[in-house]
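Every number here is computed from the coordinates shown, using simple stated rules; none is lab data. None of the values given here were measured: they were computed from a predicted structure. Here the Cβ positions follow ideal geometry from the backbone for every residue, glycine too, while neighbour counts run over all protein chains shown.
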Amino acid sequence: MRMLMYITIPHEPFNSLVRDGTVGEKIGAILEDAQPEAVYFTERDGLRSAVLVVNLDSPSQIPKLAEPWFLTFEADAEMRIAMTPEDLQSSGLDDLGKRWG
């Protein structure tokens, strides 16, 4: 199952980790473990943020993806299921429309 993870990182402890030179190592370790399809760093509501595209075999993998952000940066994480156009095509929308429309 493909998911989008939205990570919002508060200023602290991130600023302190930037100052002591360890932030890159910590982000690298999290991303190495998560193995995202893609990752983008951005801003969200004035805070540092990241958007990751990840694949899960089971919902039980969510803590493996989220806890490093929580524990390392005291970050917030939101997760959304994402579908490709092919996923949407094979979803049976036409049949659902006939049944429920």
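Brief remarks follow.
- In loop segments of the chain as defined by DSSP, the GluC sites (Glu not before Pro) with at most 14 further C-beta atoms inside 10 Å of their C-beta are 37, 74.
- Comparing 58, 90, 49 in a Gaussian network model of the chain, where Cα atoms under 10 Å apart are tied by springs, the biggest mean-square fluctuation is seen for 90.
- For the stretch 2-54: rounded, prolate or oblate by the Cα gyration tensor [a/c cutoff 1.5]: oblate
- For the chain, a Kirkwood hydrodynamic radius built from all Cα pairs, placed in the Stokes-Einstein relation at 25 °C and 0.890 mPa s, yields a translational diffusion coefficient of 161 µm²/s.
- Ascending count of other beta-carbon atoms within 10 Å, so fewest first, for 76, 95, 87: 95, 87, 76
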